[in-house]
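The values are calculated or read from the model by the stated rules, or taken from the named source; none is laboratory data. This is a predicted model, so every value here is computed, not measured. Here Cβ is always computed from backbone atoms with ideal geometry, including for glycine, and neighbour counts include all displayed protein chains.
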Ligand code: DGL
């Protein structure tokens, strides 16, 4: 029998901003022995409305930054980046990569009883079709209806998690979704920012609809992968948890405190420079 290697290097976690903290929090709860390095690209958030090429360019720069920091596994804790850039990230990476779309799809497929799943996500994730494809791959009998919610990420990034503007926005999007398919009994939060709005989302759909996200199933996927590769860290005693942002540290920390409370590690500022936009070719 081969002995498991002890690999103390951190797990790299990436999101466009604060949303991936909802996944990081679950990962730390499940794997307290592992060190983590979280990078939020707040300087360029939101990714949701951006063209796919731009999402891939920004994601690549952040992934290169995390790989240069010697992470042992990459967790793309951003649905938009997973939906639009996962193959490119896997090409770039010499360490295993886990995204959040498949784990989220499995959580929704396991939860539904009516067979009707609603997905709320960014415009980019909805346009990619990644969730309907992943949910129907899990169970082809399921019906999936999507609703893009472009106003929600800017509200979360601004720290408005429960004010009247956030409530109106949530109610408007969910009203549209439920009008399209009233048989929905499972609402999948297809953006890692949205669990921060969970009380508003749950209040609008009521107790008859299960609200699920990808945090729990993604942390399970990471645990399974570490075990399969035999690269768990040895114990929690020396685990370090570092959080960095390309944006404003104070704004980031204000929202991050809502997720981690007093356990929030100090937040550092870093600069990540995406490759320049390719020059457009003048066909003239
Ligand atoms: N939290 C991200 C997601 O899961 C990105 C949101 C955004 O930057 O628009 O899609």
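Against the condition surrounded by 14 or more Cβ atoms within 10 Å (Cβ to Cβ), at pLDDT 95 or above, touching a strand residue (DSSP E or B) at 6+ places or on another chain (Cβ under 8 Å) and not in a helix (DSSP H, G or I), how does residue 244 come out, does it pass? Full working, then the answer.
Details: surrounded by 14 or more Cβ atoms within 10 Å (Cβ to Cβ): yes; at pLDDT 95 or above: yes; touching a strand residue (DSSP E or B) at 6+ places or on another chain (Cβ under 8 Å): yes; not in a helix (DSSP H, G or I): yes.
Criteria met by residue 244.
Look at the range 85-102 and say how many of its residues are assigned to a loop (DSSP other than H, G, I, E, B) and buried (at least 16 other Cβ atoms within 10 Å of the Cβ).
Of the residues in the range 85-102, 4 are assigned to a loop (DSSP other than H, G, I, E, B) and buried (at least 16 other Cβ atoms within 10 Å of the Cβ).
Can you find, within the range 12-32, the residue that is nearest to residue 215 (Cα to Cα) among those that are near the ligand (Cβ under 9 Å from one of its atoms), outside any helix (DSSP H, G or I) and in contact with a helix residue (DSSP H, G or I) (Cβ under 9 Å, 6 or more places away or on another chain)?
19
Just a yes or no: is a residue in the range 154-175 more than 30 Å from residue 253 (Cα to Cα) and assigned to a helix (DSSP H, G or I)?
Yes, the range 154-175 has at least one match.
Look at residue 225 and say whether it is at pLDDT 95 or above and within 15 Å of the ligand (Cβ to nearest atom).
Numbers: at pLDDT 95 or above: yes; within 15 Å of the ligand (Cβ to nearest atom): no.
The answer is no for residue 225.
Yes/no per residue for (1) part of a strand (DSSP E or B); (2) buried (at least 24 other Cβ atoms within 10 Å of the Cβ); (3) more than 10 Å from the ligand (Cβ to nearest atom):
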residue	(1), (2), (3)
42	no, no, no
45	no, yes, no
53	no, no, yes
83	no, yes, no
105	no, yes, yes
124	no, yes, no
136	no, no, yes
147	yes, no, yes
150	no, no, no
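Check 142, 188 and return the single one that is buried (at least 22 other Cβ atoms within 10 Å of the Cβ), on the phi < 0 side of the Ramachandran plot and in contact with a strand residue (DSSP E or B) (Cβ under 8 Å, 6 or more places away or on another chain).
Of the residues listed, the single one that is buried (at least 22 other Cβ atoms within 10 Å of the Cβ), on the phi < 0 side of the Ramachandran plot and in contact with a strand residue (DSSP E or B) (Cβ under 8 Å, 6 or more places away or on another chain) is 188.
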